[in-house]
Amino acid sequence: MTKIKTSKQLERHFKGVANHRRIEILFLIQKLDGITLDEIAERIRCNIKTTSEHARRLTQAGLVNKRYQGREVAHSLSPYGKKFFSFIRTFSHS
């Protein structure tokens, strides 16, 4: 049986992607699983500090997972991140 999310939980997820840069980062992580913060910043042509804050918010929203590899941090989509990616992609093509 699937547990239904509360409105507060849904708000957290939606606020996580409530920015064009974060949506861009979500799509990039989907395309390049395990991408580092430096690579994300370079590909979206954004300041590293700004990119870091966006990645932090995506992580807090439960949409992105971080995995530490020495000095680097690899980013991947969480199960909810994959669902949001699918939703955004479907929504943008309708």
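Below are the figures for this structure:
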item	result
Trypsin sites (Lys or Arg not before Pro) lying in DSSP loop within the chain, provided at most 14 other Cβ fall within 10 Å	3, 5, 45, 71
Farthest positive-ward along the chain dipole, Cα basis, beta-carbon charges - from 76, 62, 47	62
Value of D in µm² per second that Stokes-Einstein yields for the chain, Kirkwood Rh from Cα pairs, at 4 °C (1.567 mPa s)	96
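No value in this document is a laboratory result; all are computed from the given coordinates. These numbers were taken from a predicted model, which means no experiment stands behind them. No Cβ is skipped: glycine too gets one built from the backbone with ideal geometry, and neighbour counts run over all protein chains shown.
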